Every structure is written in C-alpha cells, then in structure tokens.
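Nothing in this text is a laboratory measurement; each read-out follows from the coordinates by a stated rule. No experiment lies behind these values; they were computed from the predicted model shown. When we count neighbours, we look across all protein chains shown, and the Cβ atoms used for this are built from the backbone with ideal geometry, even at glycine.
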Ligand SMILES: [Mn+2]
C-alpha cells in the first residue's frame, strides 16, 4: 500500500515560536522558510538591519546573508509583509526597493530624526496590512556601531538601542511577536577595546527583550 507523500508543513506546530541565535544572517532563512510552511496566520517580518539583504543571489550563491530577505519576501509574494528598519548602507534608495520588490523600509535617518513618530509609523503600517504576528529578525548592525561594533560590517548613523528595545516591546504589545533572533554578532571582529563585551551584552538585552515580549515574561 502506498502512503501519501510526507510534507514537512503538515507536521509542524502552527504556533511555532522560534528563538534563534546567529550566525550570519543566512541563519534566518531556514527559520522563515519553516514558518511559512507551518503558520496559518498573516505573519510578517520586522528586520532591523543596516543593509537590505535583498539580492536574489550573490556570487552564484542563492541563500546567504545578502539574499535571505529577497527569498523571504518571495514567500510573502511581495505583499508588503517584509518590513526593514534602520536601513542605511544600500547602493539603491528606498523608492527602488519599495517599488521593485514591494517591501516597506524605515531608513535609519528617519528613525533617528523622528524616533517616536517612526515607531508609531511602523506599528501603524503593520496594522494597515493586517499583520497578526511578527517574526523579529534582528541584525545587530542595524544598531549604530557605537553600541555594536563587533560584527562583520558595522555602520555609523544607525539605530539607538533604546529605540530598538521600544520597538520590540511595542510589537509585542500592539501586534504580537511570534519569536525572533539576534544575528551577525561576531565578538572576534570587535573594532574597539571592550567592543566584544559591549556588543554581546547588548545582543543579550535584545534577545531577552524579544523573548519577554513574545512570551509575556
Ligand atoms: Mn542582515
């Protein structure tokens, strides 16, 4: 007797709530791929990141730190559920990415200049698209290099830690977090004395805040 082909998504908990520690940002790809098979709700991704990670492929590699967001956005059929914050190191501007790929970006300049308004705008945007939960994929380089230099590509003029923590808390309270990660933390690559300690301590704060906002701790 034949059996129906096994499909991974059939056996996964639709309420899966992953917490993941990177690793480079490609580590988020298997997570969001599994979420797309398991979850039945209208979940979204919020991604603090200096970069867009929106290349279709890089040096012939389909899934890597520079491409995972492109493929995550394809899982959403480019319907606006990929939201990037803290963007600032990109060869193309916001209009390019939003018009060609249907993503929504809140660049770092806007978040720094209007911290409260930009937080309100992220929440309002997620509500406007009917997002019911958020996976928070937190590239440490979304945060300003002053606070997080121990990473592969630290960038100036980034997000303030308190802004990111407020975002995490508001996503949990006002939309609902389903889980999240902390990515690109690389202690050996510190630029300044004590940089590794500083960056890992901040990463731990972010990670705990993400768990607390998801689980109501
Ligand atoms: Mn990234």
Once every DSSP H run of n ≥ 4 in the chain is given -39500 (n - 2.57) and the sum is divided by its residues, what mean residue ellipticity at 222 nm do you get, rounded to the nearest 500 deg cm²/dmol?
-> -12000 deg cm²/dmol
Say we join alpha carbon atoms closer than 10 Å with springs in a Gaussian network model of the chain; which of 142, 176, 23 then has the biggest fluctuation?
-> 23
Antiparallel as a % of all DSSP beta bridges within the chain, to the nearest 5?
-> 5 percent
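Based on the mean of other beta carbon atoms within 10 Å per residue, what is the order of 186-197, 110-121, 125-136, most packed first?
Packing order, densest peptide first, comes out as 125-136, 110-121, 186-197.
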Pull out a ≥ b ≥ c, the square roots of the eigenvalues of the alpha-carbon gyration tensor of region 92-134, then state rounded if a/c is under 1.5, prolate if not and a/b is larger than b/c, and oblate in the remaining case.
-> oblate
Scoring region 16-215 by relative contact order with C-alpha pairs under 8 Å, at least six apart, yields a percentage of 24 percent
Taking all pairs of different Cα atoms in the chain, averaging 1/r and flipping that mean, what Kirkwood radius in angstroms comes out?
-> 17.4 Å
The alpha-carbon center of region 19-43 and that of region 85-114 are separated, in whole Å, by 22 Å
